[in-house]
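Encoded as structure tokens, the structure appears first; notes follow it.
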Amino acid sequence: MRNKKQIWGNLIVFVILIGIIGGLTWKVNHPKDQWGKTQQKKVIVIGVDDTFVPMGFRNSKGELVGYDVDLARKTFQAMGLKVKFQVIDWSMKETELKSKHIDAIWNGYTETPERAKHVAFSESYHQDEQVILTLKDHNFKQAKDLKNHDLGIQTGSSGAASYDGQPHILKSIIRDTVQYDDFSKALNDLQVDRIQGVLIDSDYARYYIAHSAQGNQFQMLQTRFPKEQFVVGFRKSDVKLRLAVNKQLAKFEKDSTISELTEKYFN
């Protein structure tokens, strides 16, 4: 009799444990929408790379500014939220989002099929393309002239994804690549000829040429990579936040907000 009671007792404990584990697994695989908590805190944390001109960077006073920084502030201000910008390792941005260290990625973030597996995207609000920045002294005329030369790439960037995902465009001719955690380091190496080109967003390249003291030393080469769409990245469970941002971005497209920021940073 005791053995039967013990067996039934163990079985009940086992069933309870299975239920608890199953519940925890469900919560992990089906996280809740955080919109209610965000509204209560009235603060949203945005992950950025603070060296990515002109989308998010430090001005001469050390203040964080840029097209995306301004647009994010205006968007969440209209939604009654204060923005806290968190500088992150760009190669770890999706991990930072998943672990809830940040609430969104908003800093020249390109929509890609690989990222779509892990992140939900806002509607696109800006378009860009990948170019190669080189020194004029090399006298390169087109991308294929970098055959058997070295190329700098930012780790975790859309450029890196395009380079690997479409090897027939550029990877097949490049001798070697050097990975950098931000473009400023790559551009420093470019100037001293450690590398002969940097695969970079055209907005960044144009801004750098226009505002750098050494800007007249550089030139841009076009690539055959397709146009890129800039979006805001969210956790897939945060549907309400994504819809609210889309709604506000649509308003900014209709009024003068987007056009004013475009004039300010891309003119």
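All of Lys37, Lys42 fail the test of being farther than 30 Å from Ile209 by Cβ, at pLDDT 95 or above and of a type in the set (Lys, Arg), apart from Lys42.
For region 227-260, a residue qualifies if it is out of contact with any strand residue (DSSP E or B) (no Cβ under 9 Å at 6 or more places or on another chain), open to solvent by 30 Å² or more (accessible area, probe 1.4 Å) and in contact (Cβ under 8 Å) with a residue 24 or more places away in the chain, and the qualifying residues are Lys240, Ala250, Lys251, Glu253.
Of all residues in region 61-84, those being open to solvent by 40 Å² or more (accessible area, probe 1.4 Å) and in a strand (DSSP E or B) number 2. Residue pairs whose Cβ atoms lie under 7 Å apart, separated by 6 or more positions or on different chains, with the first residue in region 158-170 and closer than 16 Å to Leu221 by Cα and touching a residue at least 24 places away in the same chain (Cβ under 8 Å) and the second among the hydroxyl-bearing types (Ser, Thr, Tyr) and outside any loop (DSSP other than H, G, I, E, B), are Leu170/Tyr163. Figure legend. Inter-residue proximity from region 107-122: first residues closer than 16 Å to Ala161 by Cα, second residues surrounded by fewer than 19 Cβ atoms within 10 Å (Cβ to Cβ) and of a type in the set (Ser, Thr, Tyr), beta-carbon distance below 7 Å, spacing 6+ or different chains. Indicated pairs: Glu111/Ser124. When region 44-60 is limited to residues that are in contact with an Asp or Glu (Cβ under 8 Å, 6 or more places away or on another chain) and open to solvent by 30 Å² or more (accessible area, probe 1.4 Å), the one that is nearest to Asp33 (Cα to Cα) turns out to be Thr51.
Residues in region 92-124 that are of a type in the set (S, T, N, Q), surrounded by 14 or more Cβ atoms within 10 Å (Cβ to Cβ) and either part of a loop (DSSP other than H, G, I, E, B) or at pLDDT below 95 (or both): Thr112, Ser122, Ser124.
The values are calculated or read from the model by the stated rules, or taken from the named source; none is laboratory data. Since we're looking at a predicted model, the values are computed, not measured. Note: ideal-geometry Cβ built from the backbone for every residue, glycine included; neighbour counts use all protein chains shown. Note: accessible area is taken over every heavy atom of the protein model, side chains too, but ligands, DNA and RNA are not part of it. Shrake-Rupley method; radii C 1.70, N 1.55, O 1.52, S 1.80 Å.
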